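Some notes on the structure that comes next.
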Amino acid sequence: QKEVEQDPGPLSVPEGAIVSLNCTYSNSAFQYFMWYRQYSRKGPELLMYTYSSGNKEDGRFTAQVDKSSKYISLFIRDSQPSDSATYLCAPGVGGSARQLTFGSGTQLTVLP
Amino acid sequence: DAGVTQSPTHLIKTRGQQVTLRCSPKSGHDTVSWYQQALGQGPQFIFQYYEEEERQRGNFPDRFSGHQFPNYSSELNVNALLLGDSALYLCASYLQGAGGAFFGQGTRLTVV
């Protein structure tokens with residue numbers, strides 16, 4: 001079993017839809033939770049960074065972390081064609097390590 | 001503010017050769033991590049450098065080695081290249097104890 005499981009998709013939605021992206025993880029030591037967006041043949045771009053359980057909102061993006069169920073979510077409101085990319089969840093251990101364990105990514109296409 | 005920069009962007013090497021990849025961290029960041037991303041997969045942690053020392057290492061053989069310089073820039077060296085080393089190599093930087101990890105655009109290595 002992988003430490004981080006992520007639905008690979010592909011996921012296709014119409015413009016303006018609310019998108020829900022999810023990951024589950026098995027390592028209780030994870031304390032930092034990041035979401036990255038990666039366009040084809042580019043490096044990952046940091047979207048959201050949260051510490052421990054709870055919600056964090058930034059514009060159209062909301063990240064949720066439930067440590068009790070080891071479940072991470074990213075919601076995208078009013079999705080745009082420019083949101084079409086691969087989304088990667090990446091929890092990490094705390095302290096000085098900051099070693100991220102990535103999911104395999106969910107490929108999202110937002111249709112105009 | 002320059003982000004994380006990596007060089008070269010593309011590289012083709014022959015099996016058995018050695019390669020060196022370079023990374024300059026985001027301004028103000030003191031920690032560099034290296035990741036390997038195979039096609040269709042999430043990045044995998046190779047190792048992390050802080051204060052010019054390797055602090056954490058993922059499940060990669062000793063053929064993978066690195067270095068961090070006093071200006072926080074870093075190199076990744078891979079010896080005795082195998083066909084399976086073909087991947088996108090990503091450098092990430094962050095400031096110890098604060099914020100998320102920022103990635104460069106990557107170096108695409110092809111081993112033939």
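When you look at B:Ser74, is it among the small types (Gly, Ala, Ser), closer than 23 Å to A:Tyr39 by Cβ and more than 11 Å from every other protein chain (Cβ to nearest Cβ), yes or no?
Details: among the small types (Gly, Ala, Ser): yes; closer than 23 Å to A:Tyr39 by Cβ: no; more than 11 Å from every other protein chain (Cβ to nearest Cβ): yes.
The answer is no for B:Ser74.
Inspect segment A:59-66 for any residue being over 14 Å from the mean Cα position of the chain (by Cα) and among the basic types (Lys, Arg) and give the result as yes or no.
No, the conditions are met nowhere in segment A:59-66.
Here are the criteria: (1) at pLDDT 95 or above; (2) assigned to a loop (DSSP other than H, G, I, E, B). Tell me which single one B:Trp34 does not satisfy.
Among (1) at pLDDT 95 or above; (2) assigned to a loop (DSSP other than H, G, I, E, B), the lone unmet condition for B:Trp34 is (2).
Test A:Asn27 against the criterion of being touching a strand residue (DSSP E or B) at 6+ places or on another chain (Cβ under 8 Å), without any contact (Cβ under 8 Å) to a residue 40 or more places away in the chain and either open to solvent by 20 Å² or more (accessible area, probe 1.4 Å) or assigned to a loop (DSSP other than H, G, I, E, B) (or both), and give yes or no.
no
In the set B:Gly16, B:Gly66, B:Gly99, which member is of a type in the set (Gly, Ala, Ser), more than 14 Å from every other protein chain (Cβ to nearest Cβ) and not in a loop (DSSP other than H, G, I, E, B)? Can you show your working first?
Working: B:Gly16 fails: not in a loop (DSSP other than H, G, I, E, B); B:Gly99 fails: more than 14 Å from every other protein chain (Cβ to nearest Cβ).
Just a single option satisfies the conditions, and that option is B:Gly66.
Which members of segment A:44-84 meet the condition of being in a loop (DSSP other than H, G, I, E, B), touching a Lys or Arg at 6+ places or on another chain (Cβ under 9 Å) and buried (at least 18 other Cβ atoms within 10 Å of the Cβ)?
Matches in segment A:44-84: A:Pro44, A:Ser79.
Is one or more of the residues making up segment B:79-87 more than 14 Å from chain A (Cβ to nearest Cβ), surrounded by 13 or more Cβ atoms within 10 Å (Cβ to Cβ) and part of a strand (DSSP E or B)?
Scanning segment B:79-87 turns up no residue that is more than 14 Å from chain A (Cβ to nearest Cβ), surrounded by 13 or more Cβ atoms within 10 Å (Cβ to Cβ) and part of a strand (DSSP E or B).
Check A:Gly103 against each of (1) buried (at least 18 other Cβ atoms within 10 Å of the Cβ); (2) in a strand (DSSP E or B); (3) not hydroxyl-bearing (Ser, Thr, Tyr) and name the one condition it does not meet.
Every condition holds for A:Gly103 apart from (2).
If a residue must be within 10 Å of another protein chain (Cβ to nearest Cβ), farther than 15 Å from B:Leu95 by Cβ and either surrounded by fewer than 22 Cβ atoms within 10 Å (Cβ to Cβ) or within 10 Å of the chain's Cα centre (by Cα) (or both), how many such residues does segment B:19-37 contain?
1
Can you find even one residue in segment B:38-58 that is among the hydroxyl-bearing types (Ser, Thr, Tyr) and surrounded by fewer than 13 Cβ atoms within 10 Å (Cβ to Cβ)? Talk me through it step by step, then tell me what you get.
Quick first cut of segment B:38-58, residues among the hydroxyl-bearing types (Ser, Thr, Tyr) only: B:49-50.
With surrounded by fewer than 13 Cβ atoms within 10 Å (Cβ to Cβ) added as a condition, the list becomes none.
No, there is no match, as no residue in segment B:38-58 is among the hydroxyl-bearing types (Ser, Thr, Tyr) and surrounded by fewer than 13 Cβ atoms within 10 Å (Cβ to Cβ).
Give just the number: which of (1) without any contact (Cβ under 8 Å) to a residue 40 or more places away in the chain; (2) more than 11 Å from the chain's Cα centre (by Cα) does A:Pro81 not satisfy?
(1)
Given the residues A:Ser12, A:Ser40, A:Ser20, which is the only one that is part of a strand (DSSP E or B), over 18 Å from A:Gln64 (Cβ atoms) and more than 9 Å from chain B (Cβ to nearest Cβ)? Let's see the steps before the verdict.
Working: A:Ser40 fails: part of a strand (DSSP E or B); A:Ser20 fails: over 18 Å from A:Gln64 (Cβ atoms).
So the residue among A:Ser12, A:Ser40, A:Ser20 that is part of a strand (DSSP E or B), over 18 Å from A:Gln64 (Cβ atoms) and more than 9 Å from chain B (Cβ to nearest Cβ) is A:Ser12.
The values are calculated or read from the model by the stated rules, or taken from the named source; none is laboratory data. What you see is a predicted model, and the numbers here were worked out from it, not measured in a lab. Cβ: placed from backbone, ideal geometry, glycine included. Neighbour counts: every protein chain shown. Surface accessibility is based on the protein's heavy atoms, side chains included, excluding ligands, DNA and RNA. Shrake-Rupley method; radii C 1.70, N 1.55, O 1.52, S 1.80 Å.
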